[in-house]
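As structure tokens, the structure follows; a few thoughts come after it.
The values are calculated or read from the model by the stated rules, or taken from the named source; none is laboratory data. Bear in mind that the values here come from a model prediction, so they are computed numbers and not experimental data. All Cβ positions, even for glycine, are placed from backbone atoms using ideal geometry, and neighbour counts span all protein chains on display.
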Amino acid sequence: MNSEMEEIIIPYIRIDQVKKFIKDFPAKSCRVDELINKFGRSNVANALPTLQLLKLIEYNKKERLVSLTDAGNGLRIASTTNDDARAREIIRPIIDELELFKFIKGLLERKGILTSEEIGKELAFRYKKTWNNPVTYKAYGAACASILAFAGYGTYERGILRKGEHIAKEEAKLPSPYLSFKKILKILNEIKYEEIDIHALSERLQTKQNRLSAELSVCIELGLVERIVAGKFSITQKGKELIDPTKIDVRPEIWRDLLLESRYKRIIRLLKDRTFTIKELGEILNHHLGGKWREEKTIRTFAKKFWSWLQAAELIEKSEDNRYKFSEKFKLPEKKEIVTGIALIDYYSLGKCIGIISSSQKFEEIKDAVSKLISICKHEKSLEDMVGLIEDHYKLFLDLKMNDGRIFLPDIKLLEKKLGVEKWNIESIK
């Protein structure tokens, strides 16, 4: 048992370092010496065990050859295009199989909130590691927490891993348009009768799993497909309606409504008052989806697929000189103002509390401000769901007797988002 404990790999690099290392990998296979020349000996020594644990590389020690696995290659593509949703889909099933992360998830489930140092100490005790420096506990704990949070099992910020959703859907990066409208219909028709795992679907569609996973991420984003469990999918009611043979005549309208209800509508709005070529459409997508597609072929491929969405929705029509323009027979609805029901909030008091929490270095001042903030949230129905989150951090703040309010910054950001406030300016709300 002790020999097994000694052999356990515990991640030492964080998820952003994992992604950067894989993104900058010089080739699908290369020798260790090439990696050392590129990244440095200590960086390679720190990274390889974590990358092996996450099944992103295979390491042939005899030949000193490091090769990207299918998962590693998929992560490299996702990291290159800044597609975190796709990267998360690659990492999550791997995390689900690893006992080490199951152990941390169990701790998080019971406690609700963990510091990086606490995670490191728990891992050291469980796996008989002799780390004596608190910095070492924090380093291993931070690495594990960041990877676990990226996989969707919590939120990790400023040394705190908190139970709950990793990221709100509206904050997540939009998947690139990996597939055409025709391929969307093909996928939906293959899964319309039953739940199906990605292996079987890959064989039916003759599409590689990494590619198919990226395509499914778009279908999920559009609300046409849902993930039942890791690697298993089913069609949604919206998906069924889109392929309903009795509604072929109104399919463009159904599809148009789906697009304009989705987060892709912000790209569509950019096309409203202009004419454009396929090339220009690709450049717009590349810029506004946060892509880093350098090859013209890649830019054009994504443009053609998104163009097929617009054509199927009858949103665009041919203009002169092989250019396209927004269809004159259809007008985009104006943006709707959202009534939040928060008109009775004392914005001045709220902003003052947040100002103190964000800037004060005095324990008592922060304590009083947070207490008042919790009281305000409790008395405003639209903010009730914030109370539990802030109280969790408040308990930890009191236990640690912190002299700054950094622990509350994630709660403040979420509060600002709920209220539609980008930045608190006390003078402007007096």
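When Gly282 is tested against (1) surrounded by 20 or more Cβ atoms within 10 Å (Cβ to Cβ); (2) over 23 Å from Glu320 (Cα atoms), exactly one condition is not met: (2).
Close Cβ contacts (under 6 Å, 6 or more residues apart or on different chains) running from residues in the stretch 115-139 that are over 21 Å from Phe397 (Cα atoms) and without any contact (Cβ under 8 Å) to a residue 60 or more places away in the chain to residues that are among the hydrophobic types (A, V, I, L, M, F, W, C) and in a helix (DSSP H, G or I) comprise Trp131/Ala124.
Residues that are at pLDDT 80 or above, within 28 Å of Thr298 (Cα to Cα) and not in a loop (DSSP other than H, G, I, E, B) within the stretch 146-181 comprise Phe150, Phe181, listed in sequence order. Considering the stretch 262-315, the qualifying helices (runs of 4 or more DSSP H), each wholly inside and each with 2 or more residues that are among the small types (Gly, Ala, Ser), run over 296-312.
Of Arg88, Arg14, Arg64, Arg76, all but one fail to be touching a strand residue (DSSP E or B) at 6+ places or on another chain (Cβ under 8 Å), surrounded by 17 or more Cβ atoms within 10 Å (Cβ to Cβ) and not aliphatic (A, V, I, L, M); the exception is Arg76. When the stretch 208-251 is filtered for residues that are part of a helix (DSSP H, G or I), of a type outside the set (S, T, N, Q) and within 21 Å of Ser79 (Cβ to Cβ), the ones remaining, listed by number, are Arg211, Leu212, Ala214, Glu215, Leu216, Val218, Ile220, Glu221. Within the stretch 346-380, being in a helix (DSSP H, G or I), over 19 Å from Asp392 (Cβ atoms) and modelled with pLDDT of 85 or more holds for Ile356, Glu364, Glu365.
With respect to the stated conditions, Leu258 is more than 30 Å from Ile94 (Cα to Cα), of a type in the set (A, V, I, L, M), outside the structural domain of Ala71 (by TED's automatic domain parsing) and not in a loop (DSSP other than H, G, I, E, B).
Of the residues that make up the stretch 25-45, is at least one under 20 Å from Pro93 (Cβ atoms) and free of Cβ contacts under 8 Å to residues at least 60 places away in the same chain? Scanning the stretch 25-45 turns up no residue that is under 20 Å from Pro93 (Cβ atoms) and free of Cβ contacts under 8 Å to residues at least 60 places away in the same chain. Is there a residue being more than 22 Å from Gly231 (Cα to Cα), among the basic types (Lys, Arg) and buried (at least 16 other Cβ atoms within 10 Å of the Cβ) anywhere in the stretch 149-165? There is at least one residue in the stretch 149-165 that is more than 22 Å from Gly231 (Cα to Cα), among the basic types (Lys, Arg) and buried (at least 16 other Cβ atoms within 10 Å of the Cβ).
This table checks each residue for (1) surrounded by fewer than 17 Cβ atoms within 10 Å (Cβ to Cβ); (2) closer than 29 Å to Asp244 by Cβ; (3) aliphatic (A, V, I, L, M).
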| residue | (1), (2), (3) |
| --- | --- |
| Glu97 | yes, no, no |
| Gly106 | yes, no, no |
| Glu109 | yes, no, no |
| Glu118 | no, no, no |
| Ile187 | no, yes, yes |
| Tyr193 | yes, yes, no |
| Ile198 | no, yes, yes |
| Leu201 | no, yes, yes |
| Ser213 | no, yes, no |
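When we screen Ile342, Ile412 for residues that are of a type in the set (A, V, I, L, M), in a loop (DSSP other than H, G, I, E, B) and either at pLDDT 80 or above or surrounded by fewer than 17 Cβ atoms within 10 Å (Cβ to Cβ) (or both), the only hit is Ile342. Restricting the stretch 316-330 to residues that are in contact with a helix residue (DSSP H, G or I) (Cβ under 8 Å, 6 or more places away or on another chain) and assigned to a strand (DSSP E or B) leaves a set whose member that is farthest from Val218 (Cα to Cα) is Tyr324.
Among the residues of the stretch 297-310, those identified as in contact (Cβ under 8 Å) with a residue 60 or more places away in the chain and buried (at least 17 other Cβ atoms within 10 Å of the Cβ) are Phe302, Lys305, Phe306, Ser308, Trp309.
In the set Leu285, Leu315, Leu289, Leu310, only one residue is in contact with a Gly (Cβ under 8 Å, 6 or more places away or on another chain) and not basic (Lys, Arg); that residue is Leu285.
Every residue, every condition in (1) within 30 Å of Glu221 (Cβ to Cβ); (2) in contact with a Lys or Arg (Cβ under 8 Å, 6 or more places away or on another chain); (3) assigned to a helix (DSSP H, G or I), yes or no:
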{"position": "Ala139", "(1), (2), (3)": "no, no, yes"}
{"position": "Cys144", "(1), (2), (3)": "yes, no, yes"}
{"position": "Ile184", "(1), (2), (3)": "yes, no, yes"}
{"position": "Ser202", "(1), (2), (3)": "yes, yes, yes"}
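Quick one: is Thr50 closer than 30 Å to Arg126 by Cα, in contact with an Asp or Glu (Cβ under 7 Å, 6 or more places away or on another chain) and hydroxyl-bearing (Ser, Thr, Tyr)? No: the conditions fail for Thr50. Scanning the stretch 120-135 for residues that are under 22 Å from Glu157 (Cβ atoms) and either basic (Lys, Arg) or surrounded by fewer than 17 Cβ atoms within 10 Å (Cβ to Cβ) (or both) yields Lys121, Pro134, Val135.
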